[in-house]
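J.: Got a structure for you, questions after.
What follows is calculated from the coordinates using simple rules that are stated; it is not laboratory data. All values derive from a computational prediction rather than experimental measurement. Every residue, glycine among them, receives a Cβ derived from its backbone with ideal geometry; neighbour counts consider all protein chains shown.
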């Protein structure tokens, strides 16, 4: 008798472990998985299926422009971008989340003060219309911005009261026009907010205010993702970027676990000719 286990990796068999996968992505703890490849090529996309099996469909926020389905994922029009809202709470009782995105920033280099947000919260201010001033307050947001020769990833808190006096910043990601994989995670109990880029160079904050903010009860809305501009300064680039995949987990993963997840995601992306 031959027993076949679908989408199971035995890469860690030497340790006596196996990783159950969905489309090549680790399943354990997964809340939402959006592969962005289910629509007809060239069609506008207003909802994204959650293939994790949890039913957390992501829907285009009202008033925003739908991205266009391409073979690599979604093409996001400039200058305002697009936003998808999930039903996944930002501040659950467990006070933990980890989010991953594979995206290609198409901002031109050296655009000071031009930012593209990737993850935020539905309760953040100024998100009703794409032309609004998107403050990203009160919830910290993951962003990529067009300063310098290579651009910068960071986790940003407008008032600097959650992360402290500095942002969580990584200044050497793949450059403009190159696919990249970044993660954003937080643990209110620790407290800790962390960001990783696939190179493995971790950035984090352990400011005590994180624990006060992420109390497990305050409603900051649900997780939103996409590529959208910040404030009134927006890039003239069109398209603004490409989205390839988003995965959202219910827990906090340390650096080693995040990089392990990223290795699976990079392999899954290669099947669609997206090399990170």
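J.: Would you please put 71-77, 40-46 in order of how densely packed they are, using the mean number of other Cβ atoms within 10 angstrom per residue and starting with the highest?
T.: 71-77, 40-46
J.: Now for a separate question. Across bins of 10 angstrom width beginning at 0, how are the C-alpha pair distances of region 161-241 distributed, in whole percent?
T.: Computed distribution, short to long bins: 14, 37, 36, 12, 0.
J.: By how many nm would the segment from residue 189 to residue 132 grow when fully extended, if each residue of separation counts as 0.36 nm and the alpha-carbon distance is taken off?
T.: Contour length minus Cα-Cα distance gives 17.2 nm.
J.: Another one. Can you give the FRET efficiency for residue 271 and residue 62, using 1/(1 + (r/R0)^6), R0 = 22 Å, r = Cβ-Cβ distance, to the nearest 0.05?
T.: FRET efficiency, residue 271 to residue 62: 0.05.
J.: Compute the Cα gyration tensor for region 20-177, then decide on rounded, prolate or oblate, letting a ≥ b ≥ c be the square roots of its eigenvalues: rounded whenever a/c is under 1.5, prolate when a/b is larger than b/c in the other cases, and oblate in all that remain.
T.: Here region 20-177 falls in the rounded category.
J.: Next question, about the same structure. Please give the length that would be gained between residue 255 and residue 28 if that part of the chain were fully extended, namely 0.36 nm times their separation in residues minus their C-alpha to C-alpha distance (nm, one decimal).
T.: 80.0 nm
J.: Also, quick follow-up: With each pseudo-label sitting 7 Å past Cα toward Cβ, what's the residue 20-residue 71 distance in nm, one decimal?
T.: Reported label-point gap for residue 20 and residue 71 is 3.4 nm.
J.: Continuing with the same structure: By its C-alpha gyration tensor, with a ≥ b ≥ c as the square roots of the eigenvalues, how is region 96-207 shaped: rounded for a/c under 1.5, else prolate for a/b larger than b/c, else oblate?
T.: Because a/c hits 1.5 or more and a/b fails to exceed b/c, region 96-207 counts as oblate.
J.: May I pose another question? To the nearest whole percent, what portion of all C-alpha pairs in the chain is separated by more than 30 angstrom?
T.: 23
J.: Then there is this: Taking Cα centroids, how far is region 67-118 from region 146-221 in Å?
T.: Measuring centre to centre over Cα atoms gives 14 Å.
J.: Another question about this same structure. For each of 142, 158, count neighbouring Cβ atoms within 10 Å of the residue's Cβ, then give the residues from fewest to most.
T.: Taking fewest neighbouring Cβ atoms as first place, the list is 158, 142.
J.: Another question about this same structure. Using alpha-carbon pairs under 8 Å, 6+ residues apart, how would you state the relative contact order of region 29-270 in percent?
T.: Worked out over region 29-270, it gives 29 percent.
J.: Okay, moving on. Obtain the nm distance between the two label points defined at residue 47 and residue 110 by a simple spin-label model: each point lies 7 Å from its Cα along the Cα-to-C-beta direction.
T.: 4.6
J.: Sticking with the crude label model, points 7 Å out along Cα→Cβ, report the distance from residue 233 to residue 54 in nm, one decimal please.
T.: Computed distance between label sites residue 233 and residue 54 equals 3.6 nm.
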